[in-house]
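Visitor: Got a structure for you, written out below as structure tokens; questions coming shortly.
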Amino acid sequence: MPYATAARYPTAKKQRFHTSYQAQGVTAAQVVTVALNSRTNRVRVTTTAGVATCRLRNAANLVMFDTSAIPGRDALIFVGTGTNTLEITNSAIATLGISQQGFTHTIPVVVAPAFDFATGSGVALSLRRSVGYSGFLFRIRRSSDSTQIDCNSVDDAVAFVGANNGFVVTMYDQSGNGQNATSAGVILISSGTLVTNNSKAALASTVEITGGNNTSFFTLPSQTSTNVCMVLRKASTDIAQTNHHYWVLGHDTLFNFSAPEFFSQGWFSPDLSTASIITGLLRVNGIPTAITGVARAIGTTTVMNMAMNGTAQFSQISRDRAIAGRGIYGYWQELISFNSVPTAARLTEIESNQTGFYL
């Protein structure tokens, strides 16, 4: 991976501060409800007399926290971003002081430069955005109520799903060719936590471990591909490879990208994969690699760059035809396929960007 120098990647630093103050006269036992700004993360409450009981309520009107202020001793309340209301009840006639404060500071972080990985491709599916693409990245379903929304970013999905599970049901094609991939639901958010690989968002395809029906797959219009650039990772825990479990790309009826039964046999089956693949060229993490006879790494992120000697078709991601138990046991993050041979410079550009961003 290239060093993240200032010349290569800009450094992002964000610092924001907001505050608001209100003074309000109250009678004994009067209840004051304060709507909190969405950026507020700290509230200070003062009172000139009596006891001011402060209750923090969420969107469901449930009390999340309570404390009190008296003259000379302020109530200092730290709140999560997005908390809705603060309810204050004072025991005596008094003047309340309510100060909302919001402060955010992030240390400098390395931000990968924007990159156009979609131009010229037949299909480009990714959880990140290609330069020049302005549409939605994916559509997600929330487990709590099965509501679905289109998302412009992973952050949109996390905010929508909350503490639930989030399943991606559509990956939108960023090439402009409308080759969207659909699914019954591949998990991206698990119990409110974003699934990641090397700190980047990833789609988890783990149903195969049960040996049952694989539902963690996508289907898309059949692609006649000359080159495939894909980022994926075999999970750290191995499983029995009987019945060819580890299937990356599949088709409704064809074996083209057939997976070998054993990891020691390589990335693709020497017996069942189409000749254009077996006689093609494979690069793994920027290194020329034998298509057969080289063990696939377990628990390691892989940038796979496959150049066919001709073309090969696929119409499924993480599935072989309709056979139970065959798919990627692990994660995938990006798939770019070309229907005509791109220039060597273009392939090198994509491989270098994927390697620098994902590894």
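Values in this text are rule-based calculations from the coordinates and carry no lab data. All values reported here derive from a predicted model rather than from experimental measurement. Here the Cβ positions follow ideal geometry from the backbone for every residue, glycine too, while neighbour counts run over all protein chains shown.
Visitor: Can you put THR27, THR292 in order of Cβ neighbours within 10 angstrom, beginning with the fewest? All intermediate terms of the calculation are to be shown ahead of the outcome.
Guide: On the way: THR27 9, THR292 17.
Least to most surrounded, the residues fall as THR27, THR292.
Visitor: Listed highest first by mean packing, meaning other Cβ atoms within 10 Å per residue, what order do 222-232, 34-44 come in?
Guide: On the way: 222-232: 21.8, 34-44: 17.3.
Going by the mean number of other Cβ atoms within 10 Å, highest first, we get 222-232, 34-44.
Visitor: At 0.36 nm per residue, and after removing the present C-alpha to C-alpha distance, how many nm does the segment from ASN164 to LEU359 gain when stretched out fully? Mind dumping the intermediate values first?
Guide: Numbers: separation 195, 0.36 × 195 = 70.20 nm, distance 2.85 nm.
Between ASN164 and LEU359, full extension yields 67.4 nm more.
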